[in-house]
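Data first, discussion second: the structure below is written as structure tokens.
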Amino acid sequence: MTCTPGWTELSILDSKEVTLLEVPSNGRVTDALGVLGSTGLTAYFGMTDIGQVKAGDFVVVSGAAGATGSVACQIAKLKGAKVLGLAGSDEKVAWLKELGCDDALNYKDPEFTQKFKGATKDLIDVFFDNVGGEILEAALSRAKAHARFVMCGAISQYNVAQPKGPKVAYLPYSQILAKANRFAEHLNGDCHAH
């Protein structure tokens, strides 16, 4: 089995380790920019390989109205999960409900913390994180033991001088490990099949 290079700024790979994806003759290069490209693949493999979503799971997706988040929500629904989407406006919340989310919350609502606790009373099985920061911290506090966390992004922290909540370098690993989240398996950098 060949290891993938993981997160890196530069990787030098043997040509045997790289697969060239060709656009079908009846397709367009732009087809690879949407759900058939990296957006959809990120959501698909994040939800199915890392999150291992299954029927009956309670899934929360942050950044749920974005390109990757909205696909992640739909994949979780197709797998039979109950889905709570988190977004930054009431319009996006309404759209997420139309998309098929069982519920959706506006994280900018002044009562978000209480609403989030109420919506996650049965605790989270899978958290697909596109946002990081305080939303990630809230999800960690509402996770079941052995919950699976898909760490896709941390958009809330990218341009912040003083981060709120955990930042990638300051993640509360003790909470993650205490809950035995699947994410912890990837912290040691081993390359192994799951």
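Before moving on, here are some points about what is shown:
- Selection from the range 75-106 of residues that are open to solvent by 80 Å² or more (accessible area, probe 1.4 Å) and either in a helix (DSSP H, G or I) or in contact (Cβ under 8 Å) with a residue 40 or more places away in the chain (or both): L78, D90, E91, K92, W95, K97, E98
- Looking across the range 123-141, the residues that are open to solvent by 10 Å² or more (accessible area, probe 1.4 Å) and out of contact with any strand residue (DSSP E or B) (no Cβ under 6 Å at 6 or more places or on another chain) come down to N130, V131, E134, I135, E137, A138, S141.
- When Q114 is tested against the conditions (1) under 16 Å from G69 (Cβ atoms); (2) outside any loop (DSSP other than H, G, I, E, B), the lone failure is (1).
- Matching residues in the range 51-77 - criterion: being within 13 Å of V35 (Cβ to Cβ), of a type in the set (A, V, I, L, M) and at pLDDT 95 or above: V71, A72, I75
- Filtered residues of the range 49-65 (kept if farther than 13 Å from I135 by Cβ and open to solvent by less than 70 Å² (accessible area, probe 1.4 Å)): I50, G51, V53, G56, D57, F58, V59, A65
- Annotation for the range 45-67: no member residue is more than 18 Å from C152 (Cα to Cα), part of a strand (DSSP E or B) and without any contact (Cβ under 8 Å) to a residue 40 or more places away in the chain.
- Residue pairs meeting the criteria (Cβ under 8 Å; at least 6 apart or on separate chains; first closer than 16 Å to A76 by Cα, in the range 111-128; second hydroxyl-bearing (S, T, Y) and assigned to a strand (DSSP E or B)): none
The values are calculated or read from the model by the stated rules, or taken from the named source; none is laboratory data. Keep in mind that this is a model prediction, so the values were computed, not measured. Positions of Cβ are generated from backbone atoms using ideal geometry, with glycine treated the same way; all protein chains shown enter the neighbour counts. The accessibility values were calculated without ligands, DNA or RNA, using every heavy atom of the protein model including side chains. Shrake-Rupley method; radii C 1.70, N 1.55, O 1.52, S 1.80 Å.
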